[in-house]
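Structure, as structure tokens:
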Amino acid sequence: MGRKVAWGVLSTAKIGTAKVIPAMQQGAATVIAAIASRDLASAQAAATQLGIPKAYGSYEALLADPAIEAIYNPLPNHLHVPWTLKALAAGKHVLCEKPIGLTAEEAGALIAARDASGKHVAEAFMVRFHPQWRRAREIVRSGEIGEVRAIQTAFSYFNADPNNVRNKADIGGGGLLDIGCYAVATARYIFGAEPERAAALVDLDPAFGTDRLTSGLLAFPGGRQVTFTCSTQLVPYQRVQIFGTKGRLEVEIPFNAPPGHGCSIGIDSGKDHFGSGIRRETVDACDQYTLQGDAFSRIILGDEAQEFGIEDAIANMRALDALARSGKSGGFERV
């Protein structure tokens, strides 16, 4: 067993304590060594519950710990860039939750900070480490479904809690930044290209001021198109359809892949409308958060190259910015 990277976690956010930390603790190259909260009791409770050795009553105290090599930042969206900058300045590598920031311009500051620190920084799009997405991209590149020209994505859940950070407009809440970002990131992943234009229809919650329903269109080079709908106030659902000239690929649980169950990819030859031309491939059960954490740890250890750096995160943010602008202008916006 090789050396493990010592990680610290900024905050006791639910995404971290419920999903990411337990998964990272199963990693072969990762150890969660500390957790911090602005309330020491909260940090101590989380540390006890999760078996984390150290608890800090401030983020600054955690960043000052010389034993911590890497930081996982699951803070609310408006704190992603500020605390990632502080972590880089403290000499820590950073894996920051998506979206990387509120705008591409804000996130752009991370390039200079990364270069000055000599540390790695990346956005936590765990889906790109799940083997079902690796396999989907492999099938697309093989040409089995022909030339891929269109992707359709649906992603929704229902959350009308006024105290939830996803429903607070002033700190980056709303569906586009929370889950629409997945539609953009996975389309860029499959196409291996950047969108050129974007258009969006947005419905704002009258009380929260956040986008509760957004439908977007992204135009990629070569006439390729992506359409998606994301919502924070619809029935929970997610699906990705990838259309080629000779077939269709369906990712059934594209984003919240359950760690205890295998996932299924459907490859449809289009023989008929009853599905007789569908071949299903099952990907073994795994935890995409474990895979993500270990991948970043191996990058830190120098065992593998970084595939998705901060430039990739900023490119994703540019598309989200263009979609947000279109929601206000009512027309296409350049990415």
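The values are calculated or read from the model by the stated rules, or taken from the named source; none is laboratory data. This structure is a prediction, so every number in the text was calculated from the model and none was measured. As a convention, Cβ positions derive from the backbone with ideal geometry for all residues, glycine included, and neighbour counts pool all protein chains shown. With ligands, DNA and RNA removed, areas are computed over all heavy atoms of the protein, side chains included. Shrake-Rupley method; radii C 1.70, N 1.55, O 1.52, S 1.80 Å.
When the convex hull of its Cα atoms is viewed from all sides, the chain shows a mean projected area of 17.3 nm².
The accessible area of Ile15, taken with all protein chains in place and a 1.4 Å probe, comes to roughly 50 Å². Take the Cα radius of gyration of the range 1-78 and divide it by 2.2 N^0.38 Å, N being the number of residues; the result is 1.00. For the range 138-181, the solvent-accessible area of protein heavy atoms averages 46 Å² per residue (probe radius 1.4 Å; ligands and nucleic acids excluded). Dipole check for the range 109-231: with +1 at the C-beta of Lys and Arg, -1 at the C-beta of Asp and Glu, and the Cα centre as origin, the magnitude is about 420 Debye. Simple rule: put +1 on each Lys or Arg Cβ and -1 on each Asp or Glu Cβ in the chain, find the dipole, and look at Val20, Thr30, Phe191; the Cα lying farthest toward the positive end is Phe191. Sorting the segments 169-178, 206-215, 233-242, 68-77 by their residues' average number of neighbouring beta-carbon atoms within 10 angstrom, most packed first, yields 68-77, 169-178, 206-215, 233-242.
Using Cβ point charges alone (K and R +1, D and E -1), the dipole size of the range 225-321 about the Cα centre works out to roughly 500 debye. Accessible area per residue for the range 254-299 is 48 Å², calculated with a 1.4 Å probe on protein heavy atoms, without ligands, DNA or RNA. Between the beta carbons of Asp203 and Lys14, assuming R0 = 22 Å, the FRET efficiency works out to 0.25 to the nearest 0.05.
Over the Cα atoms of the range 67-225, each weighted equally, I'd like the Debye log10 I(q)/I(0) at q = 0.09, 0.11, 0.14, 0.15 Å⁻¹, rounded to two decimals. The calculated log intensity ratios at q = 0.09, 0.11, 0.14, 0.15 Å⁻¹ are -0.36, -0.54, -0.85, -0.95. Return the calculated 222 nm mean residue ellipticity for the chain, to the nearest 500 deg cm²/dmol, obtained by summing -39500 (n - 2.57) across DSSP H runs with n ≥ 4 and dividing by the residue count. Rounded to the nearest 500, it is -8500 deg cm²/dmol.
By accessible area, using a 1.4 Å probe on protein heavy atoms only, the chain has 53% of its surface on carbon and sulfur.
Translational diffusion coefficient of the range 153-280 (Stokes-Einstein, Kirkwood radius from Cα pairs, 4 °C, 1.567 mPa s): 81 µm²/s. Working from the Cα coordinates of the range 65-132, the gyration tensor eigenvalues give, after taking √(5λ), semi-axes of 18, 15, 11 Å in decreasing order. Would you mind getting me the FRET efficiency between Lys246 and Arg334? Use the beta-carbon distance for r and R0 = 41 Å, nearest 0.05. With R0 = 41 Å, the Cβ-Cβ based efficiency is 0.80.
In a simple Cβ point-charge model (Lys, Arg +1; Asp, Glu -1; nothing else charged), the chain has a dipole of about 280 debye relative to its Cα centre. Stretching the chain fully between Ala169 and Ala64 yields a gain of 34.6 nm (0.36 nm per residue, less the alpha carbon separation). In this simple spin-label model, placing a label point 7 Å from the Cα along the Cα-to-Cβ direction at both Glu147 and Glu281 gives a separation of 2.3 nm.
Computed from the C-alpha gyration tensor, the three semi-axes of the ellipsoid equivalent to the range 210-335 are 27, 26, 16 Å, from longest to shortest.
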